[in-house]
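A quick write-up on the structure given underneath.
The values are calculated or read from the model by the stated rules, or taken from the named source; none is laboratory data. Note that this is a predicted model, so its numbers are computed, not measured. For neighbour counting, all protein chains shown are included, and Cβ atoms are generated from backbone atoms with ideal geometry for every residue, glycine included.
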Amino acid sequence: MVKNSTTQYSWMTLNQIFRLSFIGLVFIFIHGCSTLAVQEQTLANPTHQYFLEIALGSEYGNRRARIKKWQKDIHIKVKGQPTQADLQTLKQVVEDLNALITPDIRLAENNTNMEIYFIPERQFSETEKHYKPKNLGFFWARWNPTTYAINRSRILISSTGITQQERSHLIREELTQSLGLMNDSSRYPDSIFYQPWSRVTNFSEIDKAIIKLLYQKDIEPGMNRSELIQLLQ
């Protein structure tokens, strides 16, 4: 009798476990389908899709990717040997960005939190230890690991080996990416974020849209992909 009772108890336990596991799997399946449907609905919007790709990266479901953005004014110090055309381009990019977003961006000599170097590429690794070789334009942003607010950035633009137009492109691209739009894409050839080598020197309309989107007040540093999808849908 004890054995039978024990056997019945064991069978009931396994049966309960099976039922609970089945219910759990059904819940996970339904929740997963619901989440996927929300993501597909949101990603159907080209601007939102491009924003997620550039602001978070293209890897689907990357939970570690989070929004990073400035929450204070940006003061840029120019170093190295820029040409007059470099300085004119830099001023134009600053003006274009200020027309799209806050915080305020300006060139400055003191109390700066962003540096842009115009130096030969061979000096890049001496200037920024995180430099990845063979990049004629490069930036490295630093942010608070808790809040994800960007607090410093360093930009490197090669002063040799490229044309003025190419350098003007890199000034615009690297400065804009330093704002928190840190990835490239092969989606739009006229975009400043175009992955292959490019000579684009102006923001496209979709560039302007995602720059403005990043600095909307309701998009906060630290937000992940699922939070953004819920907000943007």
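So here's what we get for this one:
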read-out: Candidate set from region 63-82 (those that are surrounded by 19 or more Cβ atoms within 10 Å (Cβ to Cβ) and among the basic types (Lys, Arg)); member that is nearest to Gly222 (Cα to Cα); value: Lys68
read-out: Test: Glu227 is assigned to a helix (DSSP H, G or I) and either among the aromatic types (Phe, Trp, Tyr) or within 20 Å of Gln92 (Cβ to Cβ) (or both); value: no
read-out: Residues within region 128-162 that are among the basic types (Lys, Arg) and over 17 Å from the mean Cα position of the chain (by Cα), tallied; value: 3
read-out: Flag if Asn183 is closer than 15 Å to Leu52 by Cβ, under 17 Å from the mean Cα position of the chain (by Cα) and either at pLDDT 95 or above or assigned by TED's automatic domain parsing to the domain that holds Ile116 (or both); value: yes
read-out: Which listed residue, of Thr89, Thr42, Thr127, is at pLDDT below 95, surrounded by 14 or more Cβ atoms within 10 Å (Cβ to Cβ) and not aliphatic (A, V, I, L, M); value: Thr42
read-out: Candidates Ile210, Ile229, Ile119, filtered to the one that is of a type in the set (Val, Ile, Thr) and at pLDDT below 95; value: Ile229
read-out: Residues that are more than 18 Å from Pro120 (Cβ to Cβ) and surrounded by fewer than 23 Cβ atoms within 10 Å (Cβ to Cβ), drawn from region 141-168; value: Ala141, Arg142, Trp143, Asn144, Pro145, Thr146, Thr147, Tyr148, Ala149, Asn151, Arg152, Gln165
read-out: In region 170-202, the residues that are crowded, with 22+ Cβ neighbours inside 10 Å and aromatic (Phe, Trp, Tyr); value: Phe193
read-out: Residue in region 103-122 that is within 18 Å of the chain's Cα centre (by Cα) and assigned to a loop (DSSP other than H, G, I, E, B) present; value: yes
